[in-house]
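Have a look at the structure below, then the notes.
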Amino acid sequence: MKPAWQLLGLAALLLLLGTQPSLADDGANGNDAASVEGQRASEADPDLQSTPEPVDQARVETREQSPYGRYLTDADGMSLYLFANDQPGAGNSTCDQTCAIAWPPYATQAEPQAGERVDADLLNTIEREDGTRQVTYDGWPLYYFSGDKAAGDALGQDVIHLGAAWYLLSPDGERIEAGERAEASP
């Protein structure tokens, strides 16, 4: 059973994500960001944890999808994100506790592997405060978004949450700022 503070934090986070537009106006190209319905607390996964189980061996792959171009995913095609509050190459993550419930770290037990079009020299890991090894790419710690449910979902793209933006990451190690939140196409 989860401690009461974790359940309250998760409920508050889900309420925040469900009631806040989450996206800023993209004034650079004149497009207004679209609103996406949030998940109701009654639909929340009760097993969300701030310390997810690491995979045996992480494998970073890529996916190409309009309008983002090519971006990083895990071996199952789930989108991976960077957090703008993190400093690439700093050797630590600024997302823990409640943050890591909404944005679980991509954690591994063994050294990560590079898929096609992924630069193995940019892959590494950092040790999190809880002792797990989080996968990094070009120094950026990698995260999932708990709102993504299927391969190709990119509902965390360009979301302002917990003081900074979250972005997909290109195989060149650059954050992708194009596009808006999207669910995978059937």
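The values are calculated or read from the model by the stated rules, or taken from the named source; none is laboratory data. Model, not experiment: these values are computed from the prediction. Positions of Cβ are backbone-derived with ideal geometry, glycine not excepted, and every protein chain shown enters the neighbour counts. To get the accessible areas, we keep the full protein, side chains included, count just its heavy atoms, and leave off ligands, DNA and RNA. Shrake-Rupley method; radii C 1.70, N 1.55, O 1.52, S 1.80 Å.
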For GLN109, state whether it is closer than 18 Å to ASP56 by Cβ, open to solvent by less than 10 Å² (accessible area, probe 1.4 Å) and either polar (S, T, N, Q) or in contact with a Phe, Trp or Tyr (Cβ under 6 Å, 6 or more places away or on another chain) (or both). no
Since CYS99 meets every condition but one in (1) over 19 Å from PRO171 (Cβ atoms); (2) modelled with pLDDT of 95 or more; (3) open to solvent by less than 20 Å² (accessible area, probe 1.4 Å); (4) not β-branched (Val, Ile, Thr), which condition does it not meet? (2)
Among SER79, SER93, SER50, SER22, the single one that is at pLDDT below 60, open to solvent by less than 40 Å² (accessible area, probe 1.4 Å) and within 18 Å of PRO141 (Cβ to Cβ) is SER50
Here the residues within the stretch 120-154 that are of a type outside the set (Gly, Ala, Ser) and surrounded by 23 or more Cβ atoms within 10 Å (Cβ to Cβ) are GLN134, VAL135, THR136, TYR137, TRP140, PRO141, LEU142, TYR143, PHE145
Conditions (1) under 19 Å from GLU177 (Cβ atoms); (2) assigned to a loop (DSSP other than H, G, I, E, B); (3) modelled with pLDDT of 95 or more; (4) not hydroxyl-bearing (Ser, Thr, Tyr); number of the one not met by PRO67: (3)
If THR125 meets every condition in (1) assigned to a loop (DSSP other than H, G, I, E, B); (2) within 22 Å of VAL55 (Cβ to Cβ); (3) in contact (Cβ under 8 Å) with a residue 12 or more places away in the chain apart from one, which number is that one? (1)
Going through the stretch 94-122 one residue at a time, which ones are assigned to a loop (DSSP other than H, G, I, E, B), over 19 Å from MET78 (Cα atoms) and among the β-branched types (Val, Ile, Thr)? THR94
